[in-house]
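Peer 1: Structure below; questions to follow.
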Amino acid sequence: MIPVALGLVVVAYAVAVANATVVGPLTIGPARPDLVVIAAVTFGIHMRSETAPVLLGFALGLVGDCFRPSTLGLGAALGAFAGFVSVSYRQRLALEGPSVRAVFVSVLAFVLSVISVISTGVGGVGAAAWVVLSSSSTGAVYTGVISFVLFLLLGRPRYGYLTR
Amino acid sequence: MSILARLVRVPRVVAFVSCVVASAFLLVLPGSARRAVADVVLSAGFRPAQGFVLSLGSLRSLSEENSRLRRALVTLALENAALREREMEAERLRALLGFASERPAEVVAAEVVGMQPGPRLHTILISAGRSRGVARGLAVITPEGLVGRVLDVYEHASVVQLLADPSCRASAVVRRSRALGIVRSIPSRGLVLDNVPFTEDVRRGDTVLTAGLGGVFPKGVLIGTVSEVRADPSAMFLDVRLSPAVGAGRLEEVFVLKRRPSEPHGSAGASADTLVSEEQR
């Protein structure tokens, strides 16, 4: 049990660092991948624990919030939501192929991005609509593509919740 | 059994509700407490790892950059010598005219150790904080041009608000025609130079510098070049779009300009360089 928890902490830490470092160079135009959603959904599908993906999403979102303390807690709640949704639908997702899972990640990333844009405000309705149409939509597609590759590499989940 | 009692038995629901409660608690914290939490999270072992990962990415280009910098050093040394001569001449003339002397601001070099995750890049984390004399509101630049200003300061790190943030504004001047305006970022249009009367002479390719009118940014720092100018006869102002001099997504090292001790904090014309603070939102 301890090695699993330790591994989870190490992976979460690595993802948090990557999310605040490699995302910049990965940016293509307005599109930025959302590694929090990818991590939360991947953990949600591949882990036996129901709570770990939720806590992971919360932790990763919290680290992201530290770059904008005025909304400290918002990203954490959205990250926890991503973990919660992925755990809630994981039985169905695990039986589907990587493309369906990637679409799920993409839609989730888009929804969370829209909530984030609306919550933080970017200077009026027109500006918010533009951000949603440009960065949120392209970012969601980009996130989906990255998660598709990741799901192809990881293969089908092997943990016991499927056969329970 | 009630629905609530059933939900309480589902671990993921309990975890999610706990996270939401914790998030709500964080959101209602006062600004200073939120910054303290952010300081703890970023400083407690996270920042060094970020710096290490980012430095790994730059190792490959180190040799190439080294030779480029050596060449630039020679050029700059020659240019510096010429400029010193001109500076002395200017100082003599300023003294004759009775103008106050202009001294260069002190700078603090810092590495970019993190970038704001999420769909939009509006802030970065740098490796210099209160311990090195960095304070809120100081201008941040690179040799290429203006980056933004310090938004939040922690003991050994600071959050920098980029010019790409829509709430960031800087007074600016077109180098060739001296036309004044306000530079800001609009999500649908990118970086623009606002409030330039249509009678002003602004052309594609013109260089835009900080005007130094607001007390936040020093005068003469490169902001970008004019990429497009539209003159609508029915409008009072020109529609001027800019290409930023600094690509924020690939920043590695920046310089914080420390305010001169003799300079009053937030001098006259503070409305020109407006960077909405987090508390004001």
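Peer 1: What number goes with the only condition from (1) buried (at least 24 other Cβ atoms within 10 Å of the Cβ); (2) assigned to a helix (DSSP H, G or I) that residue A:33 does not pass?
Peer 2: In the conditions (1) buried (at least 24 other Cβ atoms within 10 Å of the Cβ); (2) assigned to a helix (DSSP H, G or I), residue A:33 misses (2) alone.
Peer 1: Okay, moving on. For region B:236-252, name all the residues that are under 12 Å from residue B:146 (Cα atoms) and touching a helix residue (DSSP H, G or I) at 6+ places or on another chain (Cβ under 9 Å).
Peer 2: Hits for region B:236-252 are B:248, B:251.
Peer 1: Which one of the conditions (1) open to solvent by 30 Å² or more (accessible area, probe 1.4 Å); (2) under 30 Å from residue B:32 (Cβ atoms); (3) touching a Gly at 6+ places or on another chain (Cβ under 6 Å) does residue B:153 fail to meet, given that it meets all the rest?
Peer 2: (1)
Peer 1: Scan region B:9-28 and report the pairs whose first residue is closer than 23 Å to residue A:41 by Cβ and whose second residue is of a type in the set (D, E, K, R) and modelled with pLDDT under 90, with Cβ atoms within less than 7 Å and a gap of 6+ or a chain change.
Peer 2: Note: pairs meeting the criteria are B:11/A:50; B:12/A:50.
Peer 1: Just to verify a result, which residue in region B:1-43, among those that are outside any helix (DSSP H, G or I) and loosely packed, with under 12 Cβ neighbours inside 10 Å, is nearest to the chain's Cα centre (by Cα)?
Peer 2: Per the stated criteria, the residue is B:30.
Peer 1: If residue A:70 satisfies every condition in (1) farther than 19 Å from residue A:146 by Cβ; (2) open to solvent by 30 Å² or more (accessible area, probe 1.4 Å); (3) part of a helix (DSSP H, G or I) but one, which is the exception?
Peer 2: (2)
Peer 1: Could you list, in sequence order, all residues of region A:136-160 that are assigned to a helix (DSSP H, G or I), open to solvent by 30 Å² or more (accessible area, probe 1.4 Å) and over 25 Å from residue A:30 (Cβ atoms)?
Peer 2: If the condition is that a residue be assigned to a helix (DSSP H, G or I), open to solvent by 30 Å² or more (accessible area, probe 1.4 Å) and over 25 Å from residue A:30 (Cβ atoms), then A:152, A:153, A:154 are the ones that fit.
Peer 1: Tally the residues that are in contact (Cβ under 8 Å) with a residue 12 or more places away in the chain and open to solvent by less than 10 Å² (accessible area, probe 1.4 Å), restricting the search to region A:73-89.
Peer 2: Looking only at that region, the number is 7.
Peer 1: Output yes when any residue across region B:219-226 is modelled with pLDDT of 90 or more, in a strand (DSSP E or B) and not hydrophobic (A, V, I, L, M, F, W, C), and no when none is.
Peer 2: Checked against the condition, which is being modelled with pLDDT of 90 or more, in a strand (DSSP E or B) and not hydrophobic (A, V, I, L, M, F, W, C), region B:219-226 yields at least one hit.
Peer 1: Let me ask something else about it. Given the criterion more than 24 Å from residue B:125 (Cα to Cα) and among the polar types (S, T, N, Q), identify the matching residue among A:70, A:86.
Peer 2: Criteria check complete, one pass: A:86.
Peer 1: Looking only at region A:49-86, which residues are of a type in the set (A, V, I, L, M, F, W, C), closer than 14 Å to residue B:27 by Cβ and facing another protein chain (nearest Cβ under 7 Å)?
Peer 2: Result: A:58, A:62, A:66, A:72, A:74, A:76, A:77, A:80.
Peer 1: Could I ask something else about it? Return the pair list, or none, for Cβ contacts closer than 7 Å from residues in region B:196-219 that are within 13 Å of residue B:178 (Cβ to Cβ) and of a type in the set (Ser, Thr, Tyr) to residues that are in a strand (DSSP E or B) and open to solvent by 30 Å² or more (accessible area, probe 1.4 Å), at least 6 apart or on different chains.
Peer 2: Note: pairs meeting the criteria are B:207/B:222; B:207/B:225.
The values are calculated or read from the model by the stated rules, or taken from the named source; none is laboratory data. Fair warning: this is a prediction, and the values are worked out from it, not measured in the lab. Virtual Cβ from ideal backbone geometry, glycine too; neighbours counted across all protein chains shown. Just the protein is used for accessible areas: all its heavy atoms, side chains included, with ligands, DNA and RNA removed. Shrake-Rupley method; radii C 1.70, N 1.55, O 1.52, S 1.80 Å.
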